[in-house]
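To start, the structure under review is shown below, and the notes come after it.
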Amino acid sequence: MLATDLLAAWEEGGGQDALDRAVTMLAALGGVPADEAARIDVARRDAVLTSALRALSGRSLLVGELTCDGCGDPLDIPVDLAALPDPPPAVDGVPFALPTSEDLRLVRGMSPEEARSFLLARYARVPGAGDERWAEAMEVAAPASAVTIAATCPECGTVTRADLDVSVLLWAEFERHAVELLAQVHLLASAYGWTEDEVLALGPRRRATYLRMAAG
């Protein structure tokens, strides 16, 4: 992914919710229009986002954040990227198609039960396939979406659980890299009078070399 693409996605995603940000990042990573990215099923989406998270972070351990259900304090949760499951290369015998981000947009505002019934009716390939088989199929095809994280609050002792959203962790990496890129642009533009486009057109190696020289 080019630096310009990352910055464009970061700027666009700043006003979006987590679902639309996931689509924006997926489009930037794949070099495709956002409407095309929104039609990619959640298994392939999460596979791309997980791979990008590992590559962009450069670390094996990240820190996620939950809000305590008891007292509302923020809770830091270590997330081992190496432990995140990868989707299988193919899923055979599953009586469901998988929803896309476009589908998930349709269920925004619904209760979990309403959303589940809507998606089940929309994607069951076998008449009579039930909720339990739907959940099993989703977990097999998109295992990263089935990871639950938990933390015990040191203040009130409440155990808070939540589904892990890889896109939220990846967005934090997009923000971190975007801020770093803009700092580099500021330094090199100040030192050499270059425009943002000229700075970003430099390869990472040359840009790093100029940064060292500009820093003195």
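The values are calculated or read from the model by the stated rules, or taken from the named source; none is laboratory data. Computed from a prediction, not measured in an experiment: that's the story for all the values here. For neighbour counting, all protein chains shown are included, and Cβ atoms are generated from backbone atoms with ideal geometry for every residue, glycine included.
Restricting attention to region 75-89 and to residues that are modelled with pLDDT of 85 or more and either exposed (fewer than 11 other Cβ atoms within 10 Å of the Cβ) or among the small types (Gly, Ala, Ser) (or both), the residue that is nearest to LEU2 (Cα to Cα) turns out to be ASP80.
All conditions but one from (1) surrounded by 14 or more Cβ atoms within 10 Å (Cβ to Cβ); (2) farther than 25 Å from ARG21 by Cα; (3) of a type in the set (Asp, Glu) apply to GLU196; the one that does not is (2).
Scanning region 1-38 for residues that are among the acidic types (Asp, Glu), over 13 Å from PHE174 (Cα atoms) and in contact with a Gly (Cβ under 9 Å, 6 or more places away or on another chain) returns ASP20, GLU36. Within the option set LEU7, LEU19, being in contact with a Leu (Cβ under 7 Å, 6 or more places away or on another chain), more than 21 Å from VAL199 (Cα to Cα) and surrounded by fewer than 21 Cβ atoms within 10 Å (Cβ to Cβ) holds for one residue only, LEU19. Note on region 110-135: residues that are farther than 20 Å from ASP41 by Cβ, modelled with pLDDT under 80 and not in a helix (DSSP H, G or I) amount to 3. When region 7-26 is filtered for residues that are at pLDDT below 95 and in a helix (DSSP H, G or I), the ones remaining, listed by number, are ALA18, LEU19. Of all positions in region 56-63, at least one carries a residue that is surrounded by fewer than 19 Cβ atoms within 10 Å (Cβ to Cβ), among the β-branched types (Val, Ile, Thr), in contact with a strand residue (DSSP E or B) (Cβ under 7 Å, 6 or more places away or on another chain) and at pLDDT below 90. Listed by first and then second residue, the pairs with beta-carbon distance under 7 Å, at least 6 apart or on different chains, first residue in region 169-196 and at pLDDT 95 or above, second among the aromatic types (Phe, Trp, Tyr), are PHE174/TRP10; GLU175/TRP10; ALA178/TRP10; LEU188/TRP194; LEU188/TYR210.
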